[in-house]
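What follows is a single structure, written as structure tokens, with notes after it.
Quick note: the coordinates plus some simple rules give every number you see, no bench work behind them. From a predicted model like this one, the values you see are computed outputs, not experimental measurements. Glycine also receives a Cβ, built like all others from the backbone with ideal geometry; neighbour counts cover every protein chain displayed.
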Amino acid sequence: MKMKKRVGIIGYGMVASSNHKKSYARAKDAEVVAVCDVNKKALERAKNDFGLPDEALFDDYKKLIDSGICEMVDICTPNCYHCEQAKYALNAGLPVSIEKPVGMNSQEVEEVRKLAEEKGLPVFICFTWRHMPTTRYLKDVIDSGVVGKVYHCYIKCIKESGLWEGRRLEWRFDKELCGTGVLCDLGSHMIDFLNWMNEDIVGLSANLGIFIKERQKLDSDEWAPVTTDDYANVLADLKSGATANIELSRCAKTESQLVEFIVYGEKGYIRYCNYVGEGLEICYGSKEEIKKGKQRVATPEKYGKHGAIYQSQSFLDYANGKSDSFTSTIDDGLRAQMIIDAVVRSNEEKRYVKIEEIEKELK
Ligand SMILES: NC(=O)c1ccc[n+]([C@@H]2O[C@H](COP(=O)([O-])OP(=O)(O)OC[C@H]3O[C@@H](n4cnc5c(N)ncnc54)[C@H](O)[C@@H]3O)[C@@H](O)[C@H]2O)c1
């Protein structure tokens, strides 16, 4: 019988105990054998979820890695810890999966990339939107060329989560722990989405800002400043000559989470909107077909039924030397990070920023 790969998770909070737990449960050849978290309650949850013995629970990621229990590591901590933890795992010879965004800035991500290259080890990035049935379908439709040359991509990811009453100053609202706000949180997925569609961003103008300027701290009722953006708007030029508008917000009252991708090409139109459910709205083809107007098409069964549950299998496959068009690597993570840095610079300096400018500064 084939041995299952032994995975250690670092950071067992929201995303690890929901998406990652479900995704490993579906993955054919992996089992979660150890978990590290600095929070005791999170470790208790992990113990129950995976039936782990106390020796497999750690409050320090170095101890988990040094224990030798795991063959690969899955990093799901707040953003500021990703790169340091990834480098420690790579130095111990372990393949790594890192939640998005890879790091706080492109320089630290470049260090992870270089180390992975030097060690010859795979680093997988959790760009979850690559693992949704309908986005995979959307990619295939665009790649098939039915809309012809792409002119415009309109991407929206907006929600009201920044307006939830009483929401405290979690790590997401603190620049020292998160880097940027909605830009790296929701935006990194949307930026990667364009990259994955081969519509890489080459230059941009952006603005971002903070509407909710103060929140109460987590451990006291004291109010403190929010230091990460809760909205961002990006106007980008793409490698193909097309343009992209990306709108991000967590201050969009009444939206639980609206995600929309619209592509207009020389021969037609495609739209995905999560509110409408799985499937696409399309209008392309012959004159007769265009005359029929916008039609809804269901996502074919071959794309599967569930979303992010394919992500962990994709990590395992990559660690086993197998990649496909869904695999997101440290190069993809670095590309997204450079674009995030360019957005921040464009907003600060109020000018158009080329991505090559950020790339040239990497050491
Ligand atoms: N791919 C996606 O769709 C997606 C969705 C949500 C979050 N994320 C990413 O996942 C990461 C975690 O987000 P979350 O929402 O689960 O946050 P969270 O706050 O719910 O969980 C983070 C966990 O890490 C633990 N932790 C903090 N510092 C640690 C350390 N030094 N060592 C070990 N554990 C530590 C915390 O106690 C907590 O349990 C972030 O990078 C976030 O951007 C990705």
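Numbers below:
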| read-out | value |
| --- | --- |
| Sorted by Cβ density within 10 Å, fewest first, the residues His20, His152 | His152, His20 |
| Filter on Lys5/Lys305; Lys63/Lys119; Lys322/Lys354 - keep pairs with C-alpha separation over 28 Å | Lys322/Lys354 |
| Cα-centred dipole magnitude for segment 182-263, charges only on beta-carbon of K, R (+1) and D, E (-1), debye, nearest 20 | 120 |
| Pairs from Lys22/Lys156; Lys21/Lys253; Lys149/Lys253; Lys156/Lys294 whose Cα-Cα separation, in the structure shown, is over 24 Å | Lys22/Lys156; Lys21/Lys253; Lys149/Lys253 |
| Over the chain: helical MRE at 222 nm, DSSP H runs n ≥ 4 each giving -39500 (n - 2.57), nearest 500 | -9500 deg cm²/dmol |
| Prolate/oblate/rounded label for segment 256-363 (Cα gyration tensor, a/c 1.5) | oblate |
| Alpha-carbon centroid distance for the pair segment 248-318 / segment 69-127, whole angstrom | 30 |
| Overall form of segment 39-194 per C-alpha gyration tensor (a/c, 1.5; a/b vs b/c) | prolate |
| Exposure proxy ranking, count of Cβ atoms within 10 Å, fewest first, for Tyr272, Tyr88 | Tyr88, Tyr272 |
| Per-selection Rg to Rh, segment 1-122 - Cα, Kirkwood hydrodynamic radius | 0.95 |
| Cα-based shape type of the chain, given that a ≥ b ≥ c are square roots of the gyration tensor eigenvalues and the cut on a/c is 1.5 | prolate |
| Model label zone, Asp59; criterion: amide N under 13 Å from point 7 Å along Cα-to-beta-carbon; scope segment 14-48 | 37-44 |
| 14 Å reach of a label modelled at Arg167, 7 Å along Cα-to-Cβ, counting backbone N of segment 256-290 | 256-258 |
| Of the DSSP H helices in the chain, those whose Cα atoms cover at least 24 Å axially and whose Kyte score averages -1.0 or more | 330-349 |
| Burial ordering of Glu108, Glu160, fewest other beta-carbon atoms within 10 Å first | Glu160, Glu108 |
| Antiparallel bridge percentage (DSSP; both residues within the chain; nearest 5) | 60 |
